[in-house]
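In what follows, a structure is listed as structure tokens, so that the remarks can point back to it.
The values are calculated or read from the model by the stated rules, or taken from the named source; none is laboratory data. Just so you know, these numbers come straight off a predicted model, no measurement behind them. Neighbour counts are summed over all protein chains in view; Cβ atoms, including those assigned to glycine, are modelled from backbone coordinates with ideal geometry.
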There are 2 protein chains.
Amino acid sequence: MPMVGEPSETLRSGLVVKLDPGWVTGFVDGEGCFHVGINVHADMTSGYQVLPEFTVVQHERDAQLLHALKAFFGCGVVRTNHGDRLAYRVRSQQHLLERILPFFEKHPLRSKKHIDFLKFREVLLMMQKGEHLKGGGLERIREIASKMNRCQPR
Amino acid sequence: MPMVGEPSETLRSGLVVKLDPGWVTGFVDGEGCFHVGINVHADMTSGYQVLPEFTVVQHERDAQLLHALKAFFGCGVVRTNHGDRLAYRVRSQQHLLERILPFFEKHPLRSKKHIDFLKFREVLLMMQKGEHLKGGGLERIREIASKMNRCQPR
């Protein structure tokens, strides 16, 4: 897997816009969302499923930018969100831990969204240690998630 | 007046976040707005006033970022927009021509907002030549403005 920000095959072919880290940080400060969902899930031992996700939603006219973000981070998917909106979305715990967290640790967000990123990071590091599967850990995650800013519908 | 992107006195004092051009481009791709207003104005020879403006609106929790943009561009004002929103706004024709246009010419936007920027630029260059004061020029500006994307209320 190439490093985050390294030109991918798609980028080399010139089909996808090439992005630089400064631009990505600025764009995510405006348009990105770090969210931790907690859903009831009968199959899980704890009865709950913790679902962290990183998303960027855009009008479909800027679909190319979402594909450029996907190529930049080397992970995630671009899907219809609602109406004429598309979302770039990363849900894989491994990709969030190995690609999304290190990028925003190296290139910190400048808006208050940085505080949400730090909470998101804390939840992912707890999940990495399996703490979301225990009652106390789950409660702590629920508390952290409740203090994150809601992402505005676009 | 310092160059766009040069550290200002405020920046040197460490009170304002220092921004880099890549971040500014990414953030404006997400949050910026290039708008050309055309208002009825009895005092003007043509009967109309053409009002181009560049704005970035944010929740008041990110007021510091708007002040950082003001310091970065070395022009504009930060004002209440509506409710808990603030706007960084540049309306001065001189500042738009000398500071905003050259920056986005050198650091092009990556989203479809770039097309709006090009229309905005065309209107400003027409105004610089006084074409907005003539019937034909005004009609052309009205046509360009009508084809620009509306900025979404935030």
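Please enumerate the residues belonging to the stretch A:83-93 that are surrounded by fewer than 16 Cβ atoms within 10 Å (Cβ to Cβ) and either of a type in the set (Phe, Trp, Tyr) or over 19 Å from residue A:116 (Cα atoms) (or both).
Correct list: A:83, A:84, A:85.
Only one of these conditions is not met by residue A:99: (1) within 14 Å of chain B (Cβ to nearest Cβ); (2) within 15 Å of residue A:70 (Cα to Cα); (3) in a helix (DSSP H, G or I). Which number is it?
(1)
Kindly indicate whether any position in the stretch A:73-82 is over 28 Å from residue B:18 (Cα atoms), surrounded by 17 or more Cβ atoms within 10 Å (Cβ to Cβ), of a type in the set (S, T, N, Q) and out of contact with any His (no Cβ under 9 Å at 6 or more places or on another chain).
Yes, there is a match, as at least one residue in the stretch A:73-82 is over 28 Å from residue B:18 (Cα atoms), surrounded by 17 or more Cβ atoms within 10 Å (Cβ to Cβ), of a type in the set (S, T, N, Q) and out of contact with any His (no Cβ under 9 Å at 6 or more places or on another chain).
I'm trying to understand the selection: among the residues of the stretch A:13-71, which are over 19 Å from residue A:122 (Cα atoms), of a type in the set (Asp, Glu) and outside any helix (DSSP H, G or I)?
A:20, A:43
State which residue is farthest from the other protein chains (Cβ to nearest Cβ) when the search covers only the stretch A:109-143 and only residues that are outside any helix (DSSP H, G or I) and closer than 26 Å to residue A:60 by Cα.
A:109
In the stretch A:100-135, what residues are farther than 16 Å from residue A:22 by Cα, basic (Lys, Arg) and surrounded by 15 or more Cβ atoms within 10 Å (Cβ to Cβ)?
The answer is A:112, A:119, A:121.
Does residue A:146 satisfy the criteria of being away from chain B (no Cβ under 14 Å) and on the phi < 0 side of the Ramachandran plot?
yes
Would a scan of the stretch B:87-102 turn up a residue that is out of contact with any strand residue (DSSP E or B) (no Cβ under 8 Å at 6 or more places or on another chain) and either among the β-branched types (Val, Ile, Thr) or within 27 Å of residue A:61 (Cα to Cα) (or both)?
Yes, because at least one residue in the stretch B:87-102 is out of contact with any strand residue (DSSP E or B) (no Cβ under 8 Å at 6 or more places or on another chain) and either among the β-branched types (Val, Ile, Thr) or within 27 Å of residue A:61 (Cα to Cα) (or both).
Any idea how many residues of the stretch B:22-38 are more than 7 Å from chain A (Cβ to nearest Cβ) and either in contact with an Asp or Glu (Cβ under 8 Å, 6 or more places away or on another chain) or at pLDDT 95 or above (or both)?
7
Any idea how many residues of the stretch A:136-153 are under 17 Å from the mean Cα position of the chain (by Cα) and surrounded by 15 or more Cβ atoms within 10 Å (Cβ to Cβ)?
6
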